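Working notes, beginning with the structure itself.
The values are calculated or read from the model by the stated rules, or taken from the named source; none is laboratory data. As the structure is a computational prediction, the values presented were derived from the model and not from experiment. Quick reminder, even Gly has a Cβ in these numbers, built from the backbone with ideal geometry, and neighbours come from all protein chains shown. Only protein heavy atoms, including side chains, enter the accessible area calculation; ligands, DNA and RNA are left aside. Shrake-Rupley method; radii C 1.70, N 1.55, O 1.52, S 1.80 Å.
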Amino acid sequence: MKTLRVGLLGLGQIGAGFYSLLASKRDFFRREIGISIDLVKVAVRNKDKKRKKSVPKSLLTENAFEVVRDPSVDVVVELIGGIREAKALIGEALTRGKHVVTANKALLAEAGDEIFDLADRKKRWIFFEASVGGGIPVIKALREGLVANRIESIYSIINGTSNYILTRMTEDKSDFREALREAQEKGYAEADPTLDIEGIDAAHKLAILLRFAFCGNVRFKDIYCEGISRIRSEDIAFAHEFGYRVKLLAIAKASKEGIEARVQPTLLPESHILANVNGAFNAVLIRGDQVGDVLLYGKGAGPAPTASAVMSDLIDIAMREAGRLNEEALPMRAIRRPLKIKNISSILSRYYLRFHVVDRPGVLAKIAQVLGKHRISISDCVQKERSAGNVVPLILLTHGAHERDVRNAIRRIDRLDAVSGHSQVIRIEQ
Ligand SMILES: NC(=O)c1ccc[n+]([C@@H]2O[C@H](COP(=O)([O-])OP(=O)(O)OC[C@H]3O[C@@H](n4cnc5c(N)ncnc54)[C@H](OP(=O)(O)O)[C@@H]3O)[C@@H](O)[C@H]2O)c1
């Protein structure tokens, strides 16, 4: 029987989920896998806080460093979140010879290079399956199951909050604010939803996927990031008229000139498999040069799915410690060369453009002229009936165009007298 002594940092949503999972499955792991996972200490911010599941007071400490410095701890499970403290605690744990399991995507996206370097130097394992896609085993798929493939692209829905909001806007025709409020009431969105609705959380996860899909280091600031807060219900309705749905996608695509890495609201054909991933669900569509398309779909957040991923990492470490798995048997992709990320201005895409224009003859021609001057050709066009205030929505879909040209054209168009407010630009993927 291999025993793994665990120090847990955090007993919040995921920490408590992990604690419950361990309590219910500990005997199963001992019996079926021959691994005993023993919880030695648990760090929280406030020992006296009322918790749904009671934890023996003797296990709790308010000093997280006590956990990472405890010589009897083999593995530190970091579930406190945030960057500064979590980084210091993980650094200390690795330095003291402990393996680490974390769900902290923000930390790995912002400081992954340093942390992975330290783990390498100290010859310790750091596992982080729960950091992307909650319970979906996407890191294992990239590192192990798809190791024989050159990854060509990843299209993913990896922020459940945004996907929930967009789904409500699509199905109930609610506006962004109403859908956000509902997501908050149901516990899918934080009181401060910025990280989710501005695409930052998805970009954190994409940074981690890029590292293992394309075998290299990524600077987080090189990832283009745009959230859903500017999507209006009219965009969802117009997209539907053209046969599309709006989804927040995290996209990585390999090309000769570099890797496209972007988080953005996207129009997807209604028949696209990701267009039908709804509510708080996540999905990652990976294309490998040997396997073709692989779709991973499931719950991307929440205590039970996320704790399932944390536990799988712990079992993995226990098996390695027991000599039942080794690095050669489960290759980690090399993660050491800097990846060349393409600047967003050089990407080629189709676009959905929505303008609010004064309803008078010649406006469409003027806009088409500006687009033409910037080498952008129109593939479809809808102008709506006159509404209040003599301003009507005009929607254009384009053929493939360069982002740089589209931005320049939109800047010019937004200055036209006949155009009111800022125009909407959403990229289209097939
Ligand atoms: N929520 C999800 O669905 C989800 C999914 C995937 C990944 N994750 C990641 O999992 C991690 C944890 O998320 P969460 O939602 O469980 O967070 P959470 O509910 O806010 O819980 C944080 C926990 O950490 C404790 N804590 C915070 N700072 C501490 C410190 N300095 N020392 C000791 N304890 C400290 C808190 O103690 P008190 O309880 O005493 O306040 C609390 O128990 C984050 O990195 C998050 O990104 C979350």
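The C-beta contact set for the stretch 370-389 (first residue at pLDDT 95 or above, second residue part of a loop (DSSP other than H, G, I, E, B), distance under 6 angstrom, 6+ apart or interchain) comprises 377/399; 379/399. Of the residues making up the stretch 54-79, those that are surrounded by fewer than 21 Cβ atoms within 10 Å (Cβ to Cβ) and within 12 Å of the ligand (Cβ to nearest atom) are 55, 60, 61, 62, 63, 65, 66.
Mind listing whichever residues of the stretch 29-47 are outside any strand (DSSP E or B) and away from the ligand (no atom under 15 Å from the Cβ)?
Of the stretch 29-47, the ones outside any strand (DSSP E or B) are 29-34, 44-47.
Selection gives 29, 30, 31, 32, 33, 34.
Evaluated against (1) assigned to a helix (DSSP H, G or I); (2) more than 26 Å from residue 231 (Cα to Cα), residue 148 falls short on exactly one condition, (1). If we scan the stretch 232-250, do we find a residue that is open to solvent by less than 10 Å² (accessible area, probe 1.4 Å) and in a loop (DSSP other than H, G, I, E, B)? Checked the stretch 232-250: no residue is open to solvent by less than 10 Å² (accessible area, probe 1.4 Å) and in a loop (DSSP other than H, G, I, E, B). When residues in the stretch 92-114 are screened for being over 12 Å from residue 125 (Cβ atoms), within 14 Å of the ligand (Cβ to nearest atom) and not basic (Lys, Arg), 10 of them pass. Evaluated against (1) near the ligand (Cβ under 8 Å from one of its atoms); (2) open to solvent by 70 Å² or more (accessible area, probe 1.4 Å); (3) outside any helix (DSSP H, G or I), residue 50 falls short on exactly one condition, (1).
Going by what's in this entry, would residue 45 be described as of a type in the set (Lys, Arg) and within 30 Å of the chain's Cα centre (by Cα)? In short, yes. Scanning the stretch 284-293 finds one or more residues that are in contact (Cβ under 8 Å) with a residue 40 or more places away in the chain, assigned to a strand (DSSP E or B) and either among the aromatic types (Phe, Trp, Tyr) or open to solvent by 30 Å² or more (accessible area, probe 1.4 Å) (or both). Restricting attention to the stretch 262-280, the residues that are assigned to a strand (DSSP E or B) and either surrounded by fewer than 19 Cβ atoms within 10 Å (Cβ to Cβ) or without any contact (Cβ under 8 Å) to a residue 40 or more places away in the chain (or both) add up to 1. Is it the case that residue 110 is modelled with pLDDT of 95 or more and either in contact with a Phe, Trp or Tyr (Cβ under 7 Å, 6 or more places away or on another chain) or closer than 27 Å to residue 268 by Cβ (or both)? Yes. With respect to the conditions (1) crowded, with 24+ Cβ neighbours inside 10 Å; (2) at pLDDT 95 or above, residue 182 lacks only one, and its number is (1).
Identify all residues within the stretch 171-198 that are within 15 Å of the ligand (Cβ to nearest atom) and either under 12 Å from the mean Cα position of the chain (by Cα) or in a helix (DSSP H, G or I) (or both); write none if there are none. Break it down stepwise before answering.
Step one: filter the stretch 171-198 for residues within 15 Å of the ligand (Cβ to nearest atom), giving 183-184, 186-196.
Listed by number, the residues that qualify are 183, 184, 194, 195, 196.
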